[in-house]
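Take a look at the structure below.
The values are calculated or read from the model by the stated rules, or taken from the named source; none is laboratory data. Worth saying up front: this structure is predicted, and the values here are computed from it rather than measured. As a convention, Cβ positions derive from the backbone with ideal geometry for all residues, glycine included, and neighbour counts pool all protein chains shown. Side chains are part of the model used for accessible areas, which takes the heavy atoms of the whole protein and leaves out ligands, DNA and RNA. Shrake-Rupley method; radii C 1.70, N 1.55, O 1.52, S 1.80 Å.
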Amino acid sequence: MAYDFLSIEQKWQKVWEEENTFKVKADPSKKKFYCLEMFPYPSGALHMGHLRNYSIGDMMARFLWMNGYNVLHPMGFDAFGLPAENAALKYGVQAHEWTHKNIEQMTDQLKRMGCSYDWDRRVETCNPDYYRWTQWIFLQFFKKGLAYRKKAPVNWCESCNTVLANEQVDSEGKCWRCNSPVIKKKLEQWFFRITDYAQELLDDLDQLPGWPERVRIMQRNWIGRSEGARLTFTAKELGEEIETFTTRFDTIFGVTFLALAPEHPLVDTILEKASNKEELETFVKTCISQSEIDRTAVGGEKNGVFTGFYATNPATGEDVPIWIANYILMDYGTGAIMGVPAHDERDFDFARKYQIPVVAVIQPAEGDHLDGDTMSEAFVDNGIAFNSGEFNGLPTQEAIGRMLDWGEEKGFCTREVNFRIRDWLISRQRYWGAPIPIVYCDHCGMVPVPEKDLPVLLPTNLTVKEGGRSPLAEADDWVNTTCPVCGGHARREVDTMDTFICSSWYQFRYVDPRNDKKVFETDLANYWMPVDQYIGGIEHACMHLIYSRFFTKVFADLGLCNAREPFSNLLTQGMVIKDGAKMSKSLGNVVDPDEIIQKFGADTARLFILFAAPPGNDLEWSEQGVEGVHRFLNRVWRYIEENLEGLKNASMERVEMGSLVNKDRRDFKRKIHKTIEDVTRDIQEERQFNTAVARLMELLNSIYSCSPKDEKDWGLLREGVEVLLMCLNPFCPHITEELWQMLGNQNRLALSAWPIKDEAALVLDSVTVVIQVNGKVRHKIDLPAGLSKDELQQKTLNEPTIQKRIEGKDLVKVIVVPDKLVNVVVKE
Ligand code: ANZ
Ligand code: ZN
């Protein structure tokens with residue numbers, strides 16, 4: 001009987017479903033493990049990235065099941081978002097139909113992979129029973145002042161026809177989804193006050209040793225904490241004060257100008273009073289239409305216009321000119337800076353361009369005083385203060401501290417911490433998303449929808465329009481409603497929520513997915529959360545992975561759970577590449593998971609993925625590689641099938657190491673237990689699934705070379721074969737389950753216990769090794785059996801008697817016969 005993977009895989013998938021093998025319940029008497037893979041967007045078909053993500057996750061979940069954990073391993077769909085609208089337009093279907101059809105298709109595919117999900121917990125973020133709670137969460141944020149609306153210059157993607165959060169604009173100023181340039185627009189939008197949690201989000205990164213350092217660094221930089229000071233200048237002719245933020249308070253004696261962001265609120269006052277109003281106005285307009293990236297790029301062109309007004313430096317009493325400059329951003333610090341060209345690169349470029357004086361006030365620790373007139377670039381390092389009155393001679397850090405004490409006493413500055421992270425812009429001018437549960441009443445203004453009226457249903461029958469405008473805004477029946485406070489006429493908020501909100505809390509919903517009274521039961525969250533192992537792509541480092549940390553902290557503050565972090569351990573898998581490049585439609589190097597499963601079976605696909613590379617590395621797809629692991633599975637199958645009688649009749653009693661005298665048999669027994677030891681460590685501690693597979697391949701070789709002669713041999717072989725099947729099960733759950741059953745076992749391998757190594761079998765036998773020099777026996781040593789050639793050679797050359805004999809002579813070669821003999825050949 002050949003290895004008929006397709007029917008075997010179908011058979012076991014059905015059994016798992018019927019027997020509810022992976023259905024799980026919270027049980028405080030059992031240790032829990034929450035294993036979670038990032039849920040997919042229901043695009044219609046799994047790609048190789050998914051296959052890899054879910055192979056890793058399922059391998060780990062199954063390993064933990066076998067190790068006695070109560071494993072929560074759920075799956076669902078991140079089902080709102082723009083592609084459904086685009087598909088609706090393209091194919092003339094409705095967004096919800098397209099989405100649900102895809103969900104069913106992909107669920108089938110995931111089942112064909114043989115993943116151990118508790119399917120009863122499937123969540124779909126676009127279903128009312130889910131987004132009802134997304135809306136409920138919005139209301140809790142709103143009550144706490146964590147959701148607010150304001151008019152602000154926001155990122156706008158012309159192609160997606162919607163605003164984007166800062167996290168969704170890449171480092172080149174392009175849209176994260178469609179890669180088109182992002183522009184700024186001033187719009188009234190909804191924000192989540194993630195900045196309230198900036199410090200905690202930063203601090204708690206230190207408590208996540210189970211995260212890749214790379215991701216933690218990315219988050220630290222994204223949050224971007226700066227310690228500095230707020231310093232107030234007075235603009236007498238304007239009758240206004242101008243606040244600036246600086247991280248280099250020690251440079252206050254070197255300020256030669258002030259610069260405001262074009263969006264600064266004072267600009268209006270200046271325009272009214274300025275004599276060069278027109279010039280200023282044109283400049284401001286140009287700046288506002290520029291992208292943030294263009295305006296702030298280090299090498300980018302610095303532009304500005306002098307306003308004609310001056311402000312007084314409170315430290316020196318000197319007046320400095322007020323400029324408006326393109327490189328000052330409104331949403332950082334105070335939107336105004338004190339310009340210190342001698343010690344800031346951008347200020348330096350700006351000052352040289354507009355002939356603003358450069359005054360040096362810091363000198364390098366060694367060397368001469370700098371001269372502002374002749375400097376060719378800013379000196380930005382720490383150094384020693386000069387030209388700074390009573391502070392001369394102080395090194396930078398001390399100067400900052402002493403000057404701040406002085407300024408605070410005089411009352412013109414305050415110490416301040418600023419963060420780079422901005423509040424999260426969460427409203428989208430899109431149709432296929434969770435409606436924001438707010439109405440605007442003609443009398444009462446903005447009114448939150450009462451919790452009892454949730455969900456605010458998203459109409460599913462709207463037609464997506466050409467040009468990308470959300471049809472929600474024009475759905476009059478839906479938009480017009482009554483005010484929950486006064487009963488008068490009100491209009492619904494027509495913006496929907498960023499889909500990253502839906503995915504910020506799904507890990508909580510899985511613990512109690514069908515609850516229709518509560519977002520989730522706190523006890524259940526406290527049992528299951530945090531997720532013990534989270535697996536997904538690195539691309540989410542500064543989006544999803546920051547947002548869900550933020551949500552978890554708010555949930556904890558709302559008393560919904562104890563956990564303040566959602567994911568204890570994070571594994572970011574590498575890409576799947578083919579012919580050296582990431583698989584993508586545009587490169588035409590895509591391999592379809594379905595085809596591979598059809599042709600070789602899910603077990604082969606999973607095993608190849610886990611064998612071909614460590615999970616964090618990129619994985620090069622290779623058809624030969626796939627064929628290679630397929631051959632291995634065929635060999636496993638063939639061995640057991642051909643030796644079935646002997647294996648089945650073998651005694652179930654384990655053969656003790658102590659009762660084995662034959663060296664080959666002792667080695668074989670040892671090999672079995674060494675495999676258990678190594679595979680367990682590879683999976684549990686090192687996450688080196690590839691080497692674990694290699695060890696199992698070796699074990700199979702040992703099994704093949706053990707020609708059984710008697711009952712004992714068959715017992716030993718049965719042990720070897722069972723260990724192989726048990727250890728291989730998390731990788732290849734179907735074939736191993738089938739063979740397990742063929743061997744006559746009644747229980748399910750998936751739920752049986754992970755094998756335990758026998759320490760007695762691991763102790764190495766000792767052997768006497770003869771050492772020769774130029775063919776003459778010179779020494780004998782007792783060593784553990786099984787040492788490698790290298791180890792033996794090393795041990796021999798370290799023997800003092802041998803060292804003495806070969807001293808001063810040229811070593812020609814060392815011949816090693818393992819466990820027996822070493823011959824050192826030297827030139828006499
Ligand atoms: C004076 C100064 C002197 C500065 C000096 C630097 C060097 P980080 O570290 O990123 O927090 N800055 C402040 N607000 C700004 C804004 N809205 N747009 C553009 N630049 C702004 O950067 C803080 C520094 O960036 C501040 O310290 C300020 O320049 C500038 F020798 O003030 B500094
Ligand atoms: Zn009202």
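Structure notes:
- Residues of type aspartates and glutamates that Lys648 reaches as a straight line, Cα spacing below 12 Å, ignoring anything fewer than 8 places off in the same chain: Glu711, Glu719, Glu722
- Modelled spin-label separation between Asp120 and Leu821, with each label point placed 7 Å from Cα along the Cα-to-Cβ direction: 6.8 nm.
- Between helix 544-557 and the chain: long-axis angle, C-alpha atoms, 0 to 90°, nearest 10: 80 degrees
- Cα centroid separation, segment 2-22 to segment 339-353 (Å): 70 Å
- Placing unit charges on the Cβ atoms of the charged side chains and taking the dipole of the chain about its Cα centre, the candidate lying farthest along the positive direction among Trp754, Asn480, Thr282 is Trp754.
- Quarter of the Cα convex hull surface for segment 623-761, i.e. its orientation-mean projected area (nm²): 8.3 nm²
- Long-range HN-HN contacts of Glu620 with modeled amide H, under 5 Å: Ile577
- Working note: Karplus 6.51/-1.76/1.60 with θ = phi - 60° gives segment 635-641 the couplings 5, 4, 4, 4, 4, 5, 5 Hz, where Gly and Pro are set to x.
- Kirkwood-Stokes translational diffusion coefficient of the chain, alpha-carbon pairs, 37 °C, 0.692 mPa s, µm²/s: 103 µm²/s
- Placing unit charges on the Cβ atoms of the charged side chains and taking the dipole of the chain about its Cα centre, the candidate lying farthest along the positive direction among Leu699, Asn745, Gly559 is Asn745.
- Long-range tail of P(r) for segment 759-808 (Cα pairs > 12 Å, %): 67 percent
- The chain - accessible surface per residue (Å², probe 1.4 Å): 43 Å²
- Here is the P(r) of segment 226-419: all C-alpha pair distances, binned every 10 Å from 0, give 9, 37, 38, 14, 2 in whole percents.
- Using a probe of 1.4 Å, the accessible surface attributed to Cys486 totals some 70 Å² when neighbouring protein chains are kept in position.
- For Ala434, the residues 5 or more places off, or on other chains, whose built amide H falls under 5 Å of its own are Met497.
- Distant-in-sequence amide H partners of Val71 (H built 1.01 Å from N, under 5 Å): Phe33
- Here the accessible area is traced with a 1.4 Å probe on the protein chains. For segment 226-419, carbon and sulfur cover 47 percent of it.
- For segment 743-766, backbone nitrogen atoms closer than 14 Å to the point 7 Å from Asp27 Cα along Cα-to-C-beta are found at 751-753.
- Against the chain, whose longest principal axis is taken from its Cα atoms, helix 128-143 shows a tilt of about 40°.
- Rounded to the nearest 10 degrees, the inclination of helix 789-798 to the longest alpha-carbon principal axis of the chain is 90 degrees.
- Residues Glu828 and Asn562, FRET efficiency given R0 of 60 Å [Cβ-Cβ distance, rounded to 0.05]: 0.20
- Value at 222 nm in deg cm²/dmol, rounded to 500, when DSSP H runs of n ≥ 4 in the chain each add -39,500 (n - 2.57): -11000 deg cm²/dmol
- Partner lysines whose Cα lies under 21 Å from the Cα of Lys277, excluding those fewer than 8 positions away in the same chain, are identified as Lys236, Lys285, Lys302.
- Size of electric dipole in segment 623-761: Cβ of Lys, Arg +1 and of Asp, Glu -1, about Cα centre, debye, nearest 20: 220 debye
- Table column - 3J(HN,Hα) (Hz), segment 96-109, Karplus curve with 6.51, -1.76, 1.60, x for Gly and Pro: 6, 5, 4, 4, 5, 4, 5, 4, 5, 4, 6, 4, 4, 4
- Carbon plus sulfur fraction of accessible area for segment 60-158, probe 1.4 Å, in percent: 48 percent
- Dipole-positive endmost among Gln189, Leu545, Val636 within the chain (Cβ charges, Cα centre): Val636
- Phi-derived couplings, Karplus 6.51 cos²θ - 1.76 cosθ + 1.60 at θ = phi - 60°, listed residue by residue for segment 305-320: 9, 6, 8, x, 10, 10, 9, 9, 6, x, 7, 10, x, 7, 8, 10 Hz, with x used for Gly and Pro.
- Within the straight-line cut-off of under 15 Å between alpha carbons, the aspartates and glutamates reachable from Lys804 are Glu828, sequence neighbours fewer than 8 places apart in one chain being disregarded.
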